[in-house]
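Read-outs: derived from the displayed coordinates by stated rules, not from any lab. What you see is a predicted model, and the numbers here were worked out from it, not measured in a lab. Cβ sites come from the backbone with ideal geometry, for glycine too, and all protein chains shown count toward neighbours.
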Amino acid sequence: MISRQSLRFRLMNFTGLMSRFFCALIVILVVACSHGDADRDDSPVLAKVGKSQLTVSELAAAIPLGLNSADSARFASAYIRRWVDSRLISDIASAEIDMRDIDRMVNDYRNRLIEMEYRRRMADAHASTDFPDDSLRNFYAANNSDFILQRPMLKGVYLKVPDNAKNLAQIKRLYRSDRQDDIDRLEKEVLESAIHYDYFRDKWVDWDQIEIHIPYDFGSRPDDFLKGRDHFETSAGGFVYLLDITDVLPSGAVMPFESARSVIIDRLAARQRRIYDANLMKNLYDRSLEEGKIQLFVDLEP
């Protein structure tokens, strides 16, 4: 094992070198990365602790892309120090800890990862995630209490328009109309000047998806703000924000089926995966018993 004095001496020398030649090191790293030298075995060594060593190519592979020279230097310095600390602890600990326990834990963890990955792949390949619409609706009807809204949903129209748009008055007149010809005209008008246009009178949208686009303090109780309101207009930063509200589902109401569909599919898929996984493990166990791959010397029955 490397002595503490020897390590301290190496670190002092290394720190001095780093302070004088770190810019040159960064150039080396950039060149190494640009020429694909990350896997070279003859890459210069930056630090050693015991039998472990850190090379320029290993450090180059660890440095995130896009850093400037100063940030790369700071990252490299911190990375090298973390590497030294980690190897130093490992070097000392390996002499004071029963490595048989570590090896057993590593092996147990490896086996667990193999088991989890195999079961995940089998479930992904074989567990059905294609559910007929009536199955989704039956689940929705039987579990309404699981789909209670925490925030309101609404239908309507949302626009963001420059406050100096020449057709702003026309847009304000059209966006609240429910006549199809007015909506068609509105869409032509917004193509000319609107920054953002969202027509959602035919679908429910979470209030959060609308609120985030409007620079206005709606308070902590959106239900109070939306109650009895059929439109809202505000100006900020050179833009006019227009919101037409045709329908509202308040907090506490049951989420619409179409909005709950993706959640239902996820839940049914998770249930199918659990069923498949249980059957997979039982079949593997029974088949292995029949083939003599398992020998039990105890009774596992409760």
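Rg and Dmax, both from the Cα atoms of the stretch 47-201 and both in Å, are 31.0, 83. If R0 is taken as 25 Å, the Cβ-Cβ distance between residue 246 and residue 224 corresponds to a FRET efficiency of 0.85. Extending 7 Å from the Cα toward the beta-carbon at both residue 105 and residue 196 defines two label points whose distance is 4.9 nm.
Taking other C-beta atoms within 10 angstrom as a stand-in for reagent exposure, 289, 249, 268 fall in the order 289, 268, 249, fewest first. Counting only Cβ charges, +1 for Lys and Arg and -1 for Asp and Glu, the dipole size of the chain around its Cα centre is about 1140 debye.
Contact order for the chain, expressed relative to its length and based on alpha carbon pairs under 8 Å spaced 6+ residues apart, stands at 19 percent. For the stretch 218-302, trypsin sites (Lys or Arg not before Pro) are listed when DSSP marks them as loop and at most 16 other Cβ atoms sit within 10 Å of their Cβ; the list is 227, 229, 293.
Distance distribution note for the chain: the fraction of Cα pairs above 38 angstrom is 58%. Straight Cα distances below 26 angstrom link residue 282 to the lysines 293, with same-chain residues fewer than 8 positions distant left out. Between residue 134 and residue 61, the modelled label-to-label distance comes to 5.7 nm, taking each label 7 Å out from Cα in the direction of the beta carbon.
The angle between the Cα long axis of helix 4-34 and the longest principal axis of the Cα atoms of the chain comes to about 50 degrees, rounded to the nearest 10. The alpha-carbon of residue 203 sits under 27 angstrom from the alpha-carbons of these lysines, leaving out residues fewer than 8 places away in its chain: 155, 160, 172, 188, 227. Since only 252, 295, 45 are under comparison, the one whose Cα sits farthest along the positive direction of the charge dipole of the chain, derived from C-beta charges on Lys, Arg, Asp and Glu, is 45. In the chain, helical runs assigned H by DSSP with n ≥ 4 each contribute -39500 (n - 2.57); averaged across all residues and rounded to the nearest 500, the mean residue ellipticity at 222 nm is -18500 deg cm²/dmol. Each of residue 297 and residue 258 was given a label point 7 Å from its Cα along the Cα-to-Cβ line. The distance between the two points is 6.5 nm.
Among 160, 172, 51, a tally of other beta-carbon atoms within 10 Å of each Cβ gives an order, fewest to most, of 51, 172, 160.
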